[in-house]
Amino acid sequence: MRFITILLLFTQILFSQKTISGKVLSKETSTSLAGVFVRDTKTENWTISDKDGNFTITIPYFQDIELNFSILGKKDVNQTLKNNQSTITVYLEDNTLFLKEVVVTAEKKRQYSELTLGTNAINNVQAFSLDDVLQQLPGQTTVDFNLNQFKNIVFRSASDGNSSKNNKAFGTAFVINDIPISNNENMQSLNPNVTGPYGYYRPNTFGASSTNMFTNANYGVDLREIPTNSIEEIKVIQGIPSAKYGDLTSGLVLITTKVGYSPYRVSASIRDATTEFNLTKGVKFNANNSMNIGFNYLDSKTDPRNNLLSYQRVNGSFSWQTKNKSSKIKNTLSTTFRANIDDAKKDPDDITDAVVKNDKKGISISDNFMWKPNNLWVDGININSGFSYDKQLSRKEQWMNTSLTAATNSLEAGIHEAYVLPSQYTSIATVEGIPISSFFSIEANKAITNKAQWVHSLVFGLSGRTSSNKGEGRKSGISGLQNFYTLDQANESILGYRDYNFNRVRTESQISAYFEDRIYKKFEENRILNIDFGVRYENQAGNVSLQPRLNSSYSINKTFRFRGGLGLSSKAPSLNQLYTGERYIDRLVGNGIYSYPGVYQKAWIQTIIAPGDNLNLKPSKSYRTEAGLDINLPFADINVTGYYNTLNNGFTSQLVPVYQEVPKVTVNIVGAEIPTYEITGTEKFYYFTQSVQNNSTSKDFGVESIINFQKIKALNLDVSMNASYVKSNDFNRTVLYVKSTNLLAEEKYGIYNSDPVVNENFTASFNFNYHIPKAGLVLSLRSEHILLQTSNSPTRNFPNGYLDSQLVYHEIPEEDRTNTQKYGHLIRDLDTSQYKLDRMLHNFHLRVSKDFLNGFSVSFYSTNFLNLKPYYYVEGERYPSDIANFSFGTRLNYQF
């Protein structure tokens, strides 16, 4: 009886379906187009046109039917059907500059705050990597062209400090063809370009400071590694992502690659000291099978006069797409081979200069399976799987000239005979990582409509991912001792590292399930409600969370539409944050190195081991909210979005005071005899160890706007603008320990709490695009304006407490904290760092592109083509601004 009741209820909910049939033709030749992907924009139902261009699709509702038609090489078309229309003929145009309308900027395509970048928008900046493309988005600015450092990105934030910005960038997710790119497995924490032996800062001459950092463990995906030659479309969700996507806190980038038939396309680009070559080809075997291949090579140098610091990228891709005769099954198998090499050679005029290399080679395999079953109670089933394998090598070789010193490579605590090092030797250190990740998801969807014409598109899915690293880890030999072996200096305890095999690292896993209901309701003409409500269950290495997410929009008429959304998400810590390996403190026994000329050289090192792993680390969490208004006016479309985002449990480093009972040693010296030592008891050794903790919080508040003006047809001119204001408040709940300036005082370390860092940015950008369709010509002028930029980093000069010689905490009464006579040796004489842009900064970029009918095209792109060199002032000091310098390049394309 219960079953019959449920069945009747479900039958009542279901509404009669409508079948749409049609034909897809090429507008240029009027020939049939096979393999066109036809998608219902409301329910995600889909079909594929057959060899004659015919298609049939079933829609679970009757009104406001909108179908999207897409195929490689043609411009996407959205076609709306009237209520009584059941057949349709669609013409698709070649996606060239001969189109009547060409979009070269980010645009809104859906009902929420997503931004879409198509092929022409990707080509508009002559992109060498994904980073160049994403700089077009609101709130981003074009920076100096430099591929000799890793690139990451964070959305809707003004944070400019490395810690806060990288913490947020680590939570920016990138997904290619529904397979996430993961940096969780990257354990190349040794940054060979800026790390010197024994903790000394000694970079390579041509990669000085943090300007050219190569390794990006814990810092998010390196955007240099993603070429744009095979990308068809990019969708950026800066607000609330679908419940389908997890392991993120700061935004989502969805990338769709090119699949399907296409002619040979060859291109060559040059800009400054960077060259790039691309080759793509799509082969169509028959109506049901096609294959794509792509190849990309890039070589970039910091200085065109030499190759002392260079970056090379080699990328090859292969995709095979197949479908069955009934167009009910579509499968795409993709493979990518890649190599990325950062290479810093020695300056021949500097014997102390370092040779640095950061090498990454790998392969990824993914499969996307789509099935429309006939007899199941679901409209579609999608299965996605992916596997990624890389081999990474970071290496630094440097000639050393130091005073007499000693080292040990013992992995056990206690007293060890030391190796006495020569004053001159070559230091060599390597880190070898083999990050491996896997991903699998299965998703089912069902669209239903009730009698009141509420359309529900239901989605349920399960997914899982694993992260591991099987590399040999940190390695160095006695002849090449690096900063892993660090001697304790004076009264300061310095933590060092030993060789560490990454095979000791446990495989971490994430398991999730999600449900989403995408609701559409048209109440009357132009009054439309859209709601995407979902909930995601996330289990990240045993840390369980339930993450509701909501996006909504409501159109009250043709002019106004309101939007709103909120959601929770989380980001798992990386393997490099969880598994650091033990830390080591090496102390020379007695008075250091004992020597008797011609007889002996003797030294012992006492090794103290401090635990290093951070297995209690929890995922960071993000709470995101936004509200928006879309205004459709006769002269412009205006989109305004306000947002408030918080990040909790962010990852930061924290010093922790501890002590251990260690042996007390006495060295015995008798004439020319080799010295010996004896243990005479124990003593307490006090020191600071370091851990990664969930001590970071951040708040981002902002407003952004996009305005697309109607085309000025008399001038063939498109004008658009975007503006973004954001204020970020970053706070680390870390405790700072500062050594007393009085070594004899009872108070050994002053304790200071951190203060929030506040940053503000207000930027705007204008785009002017002059397009002559008949000539296949586009002239684009893009202006960038930094209207406001402030930073306030308070410095706490007065301690809250202190540590005594046994590292015991003592709180200082609030009324005594400013007492210079009593605590003057703890009070710091530091000024609060404040910065405010004294005047607006402007930059202008130019692009000229021309398509020829013979398949040849050329584009010229220049950043800061007016060669502006604005300056700003901080406390009377004059500094050049960090806007992009003058740079130009060209790209040649030929297809046949």
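Looking at Thr274, is it touching a residue at least 12 places away in the same chain (Cβ under 8 Å), β-branched (Val, Ile, Thr) and under 30 Å from Ser26 (Cβ atoms)?
Answer is no for this residue.
Output the residue which, of all residues in segment 527-544 that are buried (at least 17 other Cβ atoms within 10 Å of the Cβ) and under 23 Å from the mean Cα position of the chain (by Cα), is farthest from Ser509 (Cα to Cα).
Among residues in segment 527-544 that are buried (at least 17 other Cβ atoms within 10 Å of the Cβ) and under 23 Å from the mean Cα position of the chain (by Cα), the one farthest from Ser509 (Cα to Cα) is Arg536.
Could you tell me which numbered condition Ser290 fails, if it satisfies all but one of (1) outside any strand (DSSP E or B); (2) buried (at least 22 other Cβ atoms within 10 Å of the Cβ)?
Failing condition for Ser290: (1).
Could you name every one of the strands (runs of 3 or more DSSP E) located completely within segment 680-764 that has at least 2 residues being of a type outside the set (S, T, N, Q), touching a helix residue (DSSP H, G or I) at 6+ places or on another chain (Cβ under 7 Å) and touching a residue at least 40 places away in the same chain (Cβ under 8 Å)?
Per the criteria, no element qualifies.
Against the condition part of a loop (DSSP other than H, G, I, E, B) and either within 16 Å of the chain's Cα centre (by Cα) or assigned by TED's automatic domain parsing to the domain that holds Leu134 (or both), how does Lys235 come out, does it pass?
no
Check off (1) more than 30 Å from the chain's Cα centre (by Cα); (2) on the phi < 0 side of the Ramachandran plot; (3) assigned to a loop (DSSP other than H, G, I, E, B); (4) not aromatic (Phe, Trp, Tyr) for Asn885 and give me the number that stays unchecked.
Condition not satisfied by Asn885: (1).
List the strands (runs of 3 or more DSSP E) inside segment 596-670, counting only whole elements, that have at least 3 residues being surrounded by 18 or more Cβ atoms within 10 Å (Cβ to Cβ).
Counting at least 3 such residues, we get 604-610, 620-632, 636-668.
Within segment 370-388, which residues are surrounded by 16 or more Cβ atoms within 10 Å (Cβ to Cβ) and not hydrophobic (A, V, I, L, M, F, W, C)?
Lys372, Asp379, Gly380, Asn382, Asn384, Ser385, Gly386, Ser388
Any residue at all in segment 257-280 that's within 30 Å of Arg624 (Cβ to Cβ) and surrounded by fewer than 21 Cβ atoms within 10 Å (Cβ to Cβ)?
yes
When the residues of segment 296-305 are filtered to those that are within 24 Å of the chain's Cα centre (by Cα) and either part of a loop (DSSP other than H, G, I, E, B) or free of Cβ contacts under 8 Å to residues at least 40 places away in the same chain (or both), which remaining residue is surrounded by the most Cβ atoms within 10 Å (Cβ to Cβ)?
Across segment 296-305, the extreme among qualifying residues is Thr302.
Restricting attention to strands (runs of 3 or more DSSP E) lying wholly within segment 306-408, give those where 3 or more residues are modelled with pLDDT of 90 or more.
Here the list reads 309-323, 329-344, 355-371, 380-401.
In the list Asn576, Asn591, which residue meets the criterion of being farther than 24 Å from Gln188 by Cβ, among the polar types (S, T, N, Q) and either free of Cβ contacts under 8 Å to residues at least 60 places away in the same chain or not in a strand (DSSP E or B) (or both)?
Exactly one residue qualifies, and that residue is Asn591.
May I ask you to verify whether Gly461 is in a loop (DSSP other than H, G, I, E, B), modelled with pLDDT of 90 or more and touching a Lys or Arg at 6+ places or on another chain (Cβ under 9 Å)?
Judged against the criteria, Gly461 is not a match.
Might you check whether a residue that is surrounded by fewer than 18 Cβ atoms within 10 Å (Cβ to Cβ) and touching a residue at least 40 places away in the same chain (Cβ under 8 Å) occurs anywhere in segment 427-436?
The answer is no, given that none of the residues of segment 427-436 is surrounded by fewer than 18 Cβ atoms within 10 Å (Cβ to Cβ) and touching a residue at least 40 places away in the same chain (Cβ under 8 Å).
For Arg506, state whether it is buried (at least 16 other Cβ atoms within 10 Å of the Cβ) and at pLDDT 90 or above.
So Arg506 does not fit the description; no.
Looking at Asp804, Asp831 in this structure, which one is at pLDDT 90 or above and surrounded by fewer than 16 Cβ atoms within 10 Å (Cβ to Cβ)?
Of Asp804, Asp831, the one residue that is at pLDDT 90 or above and surrounded by fewer than 16 Cβ atoms within 10 Å (Cβ to Cβ) is Asp804.
Answer with yes or no whether Arg878 is free of Cβ contacts under 8 Å to residues at least 40 places away in the same chain and assigned by TED's automatic domain parsing to the domain that holds Val757.
Here the answer is yes, as Arg878 does meet what is asked.
What is the number of the single condition among (1) touching a Leu at 6+ places or on another chain (Cβ under 8 Å); (2) modelled with pLDDT of 80 or more that Ser423 does not meet?
(2)
Test each condition in (1) part of a strand (DSSP E or B); (2) modelled with pLDDT of 90 or more; (3) over 30 Å from Met721 (Cα atoms); (4) not acidic (Asp, Glu) for Arg561 and report the one that comes out false.
(3)
Of everything in segment 747-779, what is crowded, with 21+ Cβ neighbours inside 10 Å, within 20 Å of Phe709 (Cα to Cα) and over 28 Å from the mean Cα position of the chain (by Cα)? Give them in sequence order.
Scanning segment 747-779 gives Asn769, His771, Val778.
For segment 359-375, which residues satisfy the criterion of being farther than 28 Å from Ile434 by Cβ and polar (S, T, N, Q)?
Within segment 359-375, Asn374, Asn375 meet the criteria.
When you go through Ile363, Ile381 one by one, which is the residue that is under 22 Å from the mean Cα position of the chain (by Cα), in the same structural domain as Gln321 (by TED's automatic domain parsing) and aliphatic (A, V, I, L, M)?
On inspection, the qualifying residue turns out to be Ile363.
The values are calculated or read from the model by the stated rules, or taken from the named source; none is laboratory data. Since the structure is predicted, the reported quantities are computational estimates derived from the model, not experimental observations. Backbone-built Cβ (ideal geometry, glycine too); neighbour counts: all protein chains shown.
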